[in-house]
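Asks: Below: one structure in structure tokens.
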Amino acid sequence: MSSPTADVSVRIAWADDAAAIAALQLRAWQDLYAGIVPAEALPTDVEGATEIWRASLSSPRDARNRVLVALERNRVCGFAVTSPATDPDCDPGTDAELMEFTVDPTERGKGHGSRLLQAAVDTMVADRFTRSVLWAMSGDDALRGFLTEAGWAADTAHRELDLDGEGTTLVKQVRLHTQFS
């Protein structure tokens, strides 16, 4: 007798996933930016975000821009965005960037993040990148710990983002990287 297994997977996102990705992203931002950005300052327009995601998924800027979704049954539990790296000290021909890595806060600890990260790495390797970088908030210990356990490491790069354009909401970020073998 075999035990039941979870119906989980990761695949390339389709334009039809835009609404689920947008809703997840806006929900996750509420958690990620709690205490940093006033809740009322965070975007809440799911329909507007859906249209942006739909356009991005339908016509990516570069053939190596990928969006992956982690699924449980047919429900989007997380997503990752990979692309050529944009930092001035990176080579977009060989360096990728994990632009976004988001797992639904209510779905963490269930393996979705591990599957999603492995699929993102496999995708970047298939796109012939040899290294990847990711920017994380300096205070996001959970994400940094997760990536460190997966073989990523901080490098010396750091930056400060001005989220409101007025210098009152600043977010410090550190860059992590990994080399593909």
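Asks: How much mean residue ellipticity at 222 nm does the chain get from its helices, if each DSSP H run of length 4 or more adds -39500 (n - 2.57) and you divide by all residues, to the nearest 500 deg cm²/dmol?
Replies: -9000 deg cm²/dmol
Asks: From the phi angles alone, apply the Karplus equation (6.51, -1.76, 1.60; θ = phi - 60°) to region 164-179 and give each ³J(HN,Hα) in whole Hz, x where the residue is Gly or Pro.
Replies: In residue order, the calculated couplings are 9, x, 10, x, 9, 10, 9, 10, 8, 10, 10, 9, 10, 8, 8, 9 Hz.
Asks: While we're on this one: Search the structure for amide H atoms under 5 Å from the amide H of E97, placed 1.01 Å from N in the peptide plane, and list their residues when 5 or more places away or on another chain.
Replies: Result for E97 returns S83, A85, V133.
Asks: Count neighbours as other Cβ atoms within 10 Å of each site's Cβ, and list the GluC sites (Glu not before Pro) in region 111-181 that are DSSP loop with at most 13 such neighbours.
Replies: E166
Asks: Looking at region 65-168, which trypsin sites (Lys or Arg not before Pro) are in a loop (DSSP not H, G, I, E or B) and have at most 12 other Cβ atoms within 10 Å?
Replies: R73, R128
Asks: A further question on this structure: Exposed loop chymotrypsin sites (Phe, Trp or Tyr not before Pro) only (DSSP loop, at most 16 other Cβ atoms within 10 Å): please give the longest stretch of the chain free of them, not including the sites.
Replies: 15-179
Asks: Now, a different point. Please give the charge dipole size of the chain, origin at the Cα centre, charges +1 on K and R Cβ atoms and -1 on D and E Cβ atoms. Round to the nearest 20 debye.
Replies: Roughly 640 debye for the chain.
Asks: Loop only per DSSP, at most 14 neighbouring Cβ atoms within 10 Å: give me the trypsin sites (Lys or Arg not before Pro) in region 22-63, ordered by residue number.
Replies: R61
Asks: How many nm separate the modelled label positions at D45 and T148, each set 7 Å beyond the Cα in the direction of the Cβ?
Replies: 3.9
Asks: How large is ³J(HN,Hα), in whole Hz, for each residue of region 13-21 in order, when computed from phi with the Karplus curve 6.51 cos²θ - 1.76 cosθ + 1.60 and θ = phi - 60°, using x for Gly and Pro?
Replies: Taking θ as phi minus 60°, the curve returns 6, 9, 4, 5, 7, 3, 5, 5, 5 Hz for region 13-21.
Values quoted throughout were computed directly from the atomic coordinates according to the rules given, and no laboratory measurement underlies them. Just so it is clear, the structure is predicted and the values come from calculations on it, not from any experiment. FYI the Cβ positions are ideal-geometry reconstructions off the backbone, even for glycines, and counts take in every protein chain you see.
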